[in-house]
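These notes are about the structure you will find just below.
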Amino acid sequence: MIRPSRRTARTALVGLATLGLVGGVAFQVGAESATEPPRPGEVRPYLTAGATNPLIANGVAIGRDVELYKTSGLGPAALNTAATPGTPKAYVDPAMFPGGKLHGGVTITEAQGLNVLARIGENLAAAGLTYSDVHTMRVFLANPPGKATADFDGWNRAYRQYFANVDLGTGQTVPVVMGTRPAAPPLVANAARPSRFALEIATLPVAGWLVEVEVDAHY
């Protein structure tokens, strides 16, 4: 069997109607062929019809002969040496927040989310991949100290800095917010919308972690 190259798989989809682009992979929504199984070499995200800037995909169909990569669960790196080890503040990136001080309404979960997504990018790069190649994401959130629930809003703000921040209708980068500051260009412009879940759990395996993420990506 001749395995289709990534370029061949993409080129084969160019003639489809209602064509969009997510992470460099063609997809189709609302057309008859969208209900057919994916073809060899195809990764097909399904998005809500008419939505040009959705947060996540409703699902992703993966055809055979697609080469996949799966990360382990990754958390934020303990970069803030000024904080007490094993506390949530130890996982604030001083390169982004000098002195480990959060500002502009940024929450501790949001800061850890930015940290872990940067680590995800490093992990992908080591495998020859980028954020745009991610098609599935699983997110585990622990409650910040003194809070009754996980900070889903803070996580989603961090997520938008790296994913789902290019309008699929215009191809233009969409400004996103960090904390309570005015919307600004994202840290990484990326049209990809992975299928994703995010859930609150009682505890994470490393003291001080509030966020753990794992992703699946395709070559």
| note | Under 5 Å from the placed amide H of L74, counting only residues 5+ away or on other chains, we find V213, E214
| remark: V134 neighbourhood, Cβ < 12 Å, K/R = +1, D/E = -1, net charge +1
| Spin-label pair A148/T52, simplified geometry with 7 Å Cα→Cβ offset, distance in nm | 4.0 nm
| query | Just how far, in whole angstrom, is region 97-112 from region 132-157 if you go by their alpha carbon centroids? | reply | 15 Å
| request: Work out the length of the dipole vector of region 98-158 about its Cα centre, built from +1 on the beta-carbon of each Lys and Arg and -1 on the beta-carbon of each Asp and Glu, and round it to the nearest 20 debye. | output: 140 debye
| In terms of the Cα gyration tensor, with a ≥ b ≥ c the square roots of its eigenvalues, is region 115-219 rounded because a/c is under 1.5, prolate because a/b exceeds b/c, or oblate? | oblate
| said: Over region 56-176, with the other protein chains present, what is the accessible area per residue in square angstrom, probe 1.4 angstrom? | reply: 42 Å²
| request: Keeping every protein chain in place, order H135, H103 by accessible area at 1.4 Å, biggest value first, i.e. largest first. | output: H103, H135
| Using the Cα gyration tensor of region 168-219, with a ≥ b ≥ c the square roots of its eigenvalues, what is the shape: rounded (a/c below 1.5), prolate (a/b larger than b/c) or oblate (neither)? | oblate
| request: Pairs of Cα atoms under 8 Å, at least six residues apart: use those to get the relative contact order of region 34-158, whole percent. | output: 18 percent
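The values are calculated or read from the model by the stated rules, or taken from the named source; none is laboratory data. Just so you know, these numbers come straight off a predicted model, no measurement behind them. Cβ atoms come from the backbone with ideal geometry, glycine included; neighbour counts cover every protein chain shown. For the accessible areas, the whole protein counts, side chains as well, though only heavy atoms, and no ligand, DNA or RNA atoms are used. Shrake-Rupley method; radii C 1.70, N 1.55, O 1.52, S 1.80 Å.
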